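Chemist: Pasting in a structure now, in structure tokens, and then I'll have a few things to ask.
The values are calculated or read from the model by the stated rules, or taken from the named source; none is laboratory data. As the structure is a computational prediction, the values presented were derived from the model and not from experiment. Note that each Cβ is placed from the backbone with ideal geometry, even for glycine, and that neighbours are counted across all protein chains shown.
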Amino acid sequence: MIRTTIGACLLMSLAACGSDNGPDNVTPVTPSPPAIPVGAYDSALAFDKTKYTSINVIIDGVNTPVRWYKEVCYVGKPVLMAATQTGMFGTSTLANPQCGYQSMNIFVPESVATSQEAAIYFAVNNSGWMASYIKASITDGATFNSSTSNVGAAIKAGYIYIDVATRGRGIIAADGSYPGKAPAAIVDAKAAVRYLRLNDAAMPGNANHIVVNGTSGGGGLSAALGATGNNADYLSYLAAIGAAGVTSTGTSILHDDVLAINAYCPITDLGNADLHYEWLYNILNTRQTLGSLPNSSGSSTLMAKFVAYQATLGLKNSSGVALTATTMLETVKQEVIRSAETYLASGGKIPGLGEVMTYSAGMGPAATTKTYVNDWIAVDNGTKKVTSLDMEKYLKFVATQATLKTTPAFDQTGLTVTGATGESNMFGTSTQIYSNFTEYSWDNNDVAGDGIGYKDTGYSWTQYAALSSTNVLAQVKLINPMAYIGGTSTTSPYWYVRAGTRDRDTSFTVSLNLSRALAADSKVQDINYRLAWDQPHAGNYDVPEAMAWIAQTLKAAAAKGL
């Protein structure tokens, strides 16, 4: 007679096992494996690989068939938006108020439709940190030149191209609230990444090979996405919109880190961007020289605060010298020289001192051509070297070809001295139109009745920041890559960052600091940073170079098993 052992009983139900005098030849019962955790909305976020429209585009004269998966909603609980939205480009009526700001258009070249290894080119389109409604960069019959269009180049290279819509500042929900407050744009982008990871086996492409592309606010979003991979700070926000891989208990079972960042003129470090701006354009009296000093005391205050802020970062320049306010101007100068000499080495020509420089002002159809007498850089076009660079005249040139922003440059709303708005409506609660998010603007808010600042609340910024109910400080941190680089997040290992040498939309010191922080992060394997010669506040002007970097990055990642 065969009897079960106590150990076997532990693997069986009590009834089956019985007592020591139980039945002969009892067959042990195999226990059920523990339940595999699933995201609360994962079943509703399954990708349907059959639901696409076949289109054709022409790239470099060659017909290229593409599968278009239209407006794929990447969250389980999208925020219902007001059908009519008013933004910087006027008033629009939404065709998809339910998920038009939380969906993506996925374009798959037919040549890689069955490939699980194709890279994913993930384009975020939130200019100025504004909400970005779903767009289609690729349409049937469209024509592309792969040397000038990053869209055409990505499809030609066999990458899956994705247009990602996100919430952002200024958007209004159907209930009248403002659901685009920070960190909504980053949370949405993370949710889109999670959707791709959830459906990796069902979709064409490799969700571990995501390259994020963005310009301006999109550059800032790209940088934040690359710096905050898998960080738990975002879980509650992801749970609120039903993101993939977030369980009903609020834990994460999916990753939202990305492989590579391709960011242009990133508007980032917003909590300190006003300090950066006033320091750069006051250190050599640029504002005063040009008569662009509407708020002299504010400029001086913010400039002085930059000195202390920069010292706290503990960064070093590429020569290993501490990157402080004392060494910053020379570091910027060397970056401008490097930009010019890189341009010369590529075959470019720079007019000599006293000669006329021609450049484009503005963007898109509104762009115009302007001229400027070069009085700030001397080069030897034969040896392709810069022989001298006058920083005082250079900064004057930058501020002349595009008028400087007022003071403060970013946290402007609520200060009658500015007459502008800036990014203030990105902060505050979902019921507030805006909130000041910096000490200077909060303490100097002079608009009565807006419920913001010392005059309305009776709290100084220091007192307000100490309140347990203060959400603004968390918002500022959650969109700032500088707060996460070098920490516990899964930082993207590959970075390509560009800012134009004529870009006055934010200080050159912002992208420079970003690059030096990344260079000090052991998780970063490549930081390809440069000021782009003679470029304004713009992006994707160097398509062949950027695409070559992406191809090299993908090859390196594959070799490392990433």
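Chemist: Determine whether segment 109-118 contains at least one residue that is in contact (Cβ under 8 Å) with a residue 40 or more places away in the chain, in a loop (DSSP other than H, G, I, E, B) and under 12 Å from ASP188 (Cα atoms).
Modeler: The answer is no; no qualifying residue exists.
Chemist: Return yes when ASN208 is surrounded by fewer than 22 Cβ atoms within 10 Å (Cβ to Cβ) and under 22 Å from the mean Cα position of the chain (by Cα) and no when it is not.
Modeler: yes
Chemist: Kindly indicate which of ILE155, ILE106 is among the aliphatic types (A, V, I, L, M), farther than 26 Å from CYS265 by Cβ and outside any loop (DSSP other than H, G, I, E, B).
Modeler: None of the others qualify; the one that does is ILE106.
Chemist: Can you tell me which residue within segment 158-191, out of those that are under 16 Å from GLU423 (Cα atoms) and part of a helix (DSSP H, G or I), is farthest from the chain's Cα centre (by Cα)?
Modeler: So the residue we want is ALA184.
Chemist: Also, I was wondering about something else. Tally up the residues in segment 400-419 that are closer than 20 Å to ILE433 by Cβ and surrounded by fewer than 16 Cβ atoms within 10 Å (Cβ to Cβ), please.
Modeler: Of the residues in segment 400-419, 3 are closer than 20 Å to ILE433 by Cβ and surrounded by fewer than 16 Cβ atoms within 10 Å (Cβ to Cβ).
Chemist: Next question. Looking only at segment 240-257, decide whether some residue is part of a helix (DSSP H, G or I), surrounded by fewer than 24 Cβ atoms within 10 Å (Cβ to Cβ), among the hydrophobic types (A, V, I, L, M, F, W, C) and in contact (Cβ under 8 Å) with a residue 40 or more places away in the chain.
Modeler: yes
Chemist: Checking the structure you have, find out if any residue of segment 403-414 is of a type outside the set (D, E, K, R), under 19 Å from ALA185 (Cα atoms) and either outside the structural domain of SER299 (by TED's automatic domain parsing) or out of contact with any helix residue (DSSP H, G or I) (no Cβ under 9 Å at 6 or more places or on another chain) (or both).
Modeler: The answer is yes, given that some residue of segment 403-414 is of a type outside the set (D, E, K, R), under 19 Å from ALA185 (Cα atoms) and either outside the structural domain of SER299 (by TED's automatic domain parsing) or out of contact with any helix residue (DSSP H, G or I) (no Cβ under 9 Å at 6 or more places or on another chain) (or both).
Chemist: Ok, one more. Scan segment 488-518 residue by residue and report those that are more than 18 Å from the chain's Cα centre (by Cα) and either among the small types (Gly, Ala, Ser) or farther than 24 Å from ARG338 by Cα (or both).
Modeler: Answer for segment 488-518, where residues must be more than 18 Å from the chain's Cα centre (by Cα) and either among the small types (Gly, Ala, Ser) or farther than 24 Å from ARG338 by Cα (or both): just THR488.
Yes or no, residue by residue, for (1) in contact with a helix residue (DSSP H, G or I) (Cβ under 7 Å, 6 or more places away or on another chain); (2) outside the structural domain of VAL373 (by TED's automatic domain parsing); (3) farther than 26 Å from GLY500 by Cα:
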| residue | (1), (2), (3) |
| --- | --- |
| MET391 | yes, no, no |
| THR418 | no, yes, no |
| TYR440 | yes, yes, yes |
| GLY453 | yes, yes, yes |
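Chemist: Moving to a separate point now. For the subset of segment 535-562 comprising residues that are part of a helix (DSSP H, G or I) and in contact with an Asp or Glu (Cβ under 8 Å, 6 or more places away or on another chain), which member is nearest to ASN262 (Cα to Cα)?
Modeler: Top of the filtered list is THR553.
Chemist: Return a yes/no flag: does segment 391-414 have any residue that is acidic (Asp, Glu) and under 29 Å from the mean Cα position of the chain (by Cα).
Modeler: Scanning segment 391-414, I find at least one residue that is acidic (Asp, Glu) and under 29 Å from the mean Cα position of the chain (by Cα), so the answer is yes.
Chemist: Identify the single condition in (1) in a strand (DSSP E or B); (2) of a type in the set (Phe, Trp, Tyr); (3) in contact with a Ser or Thr (Cβ under 7 Å, 6 or more places away or on another chain) that TYR101 does not satisfy, given that it satisfies every other one.
Modeler: Every listed condition holds for TYR101 apart from (1).
Chemist: Which of (1) more than 18 Å from the chain's Cα centre (by Cα); (2) surrounded by fewer than 19 Cβ atoms within 10 Å (Cβ to Cβ); (3) of a type in the set (Val, Ile, Thr) does VAL472 not meet, given it meets every other one?
Modeler: The one condition VAL472 does not meet is (2).
Chemist: I'm checking my understanding of the structure. Among residues of segment 493-509 that are crowded, with 23+ Cβ neighbours inside 10 Å and either modelled with pLDDT under 95 or of a type in the set (Val, Ile, Thr) (or both), which one is nearest to LYS370 (Cα to Cα)?
Modeler: Step by step, filter segment 493-509, then rank; the result is THR506.
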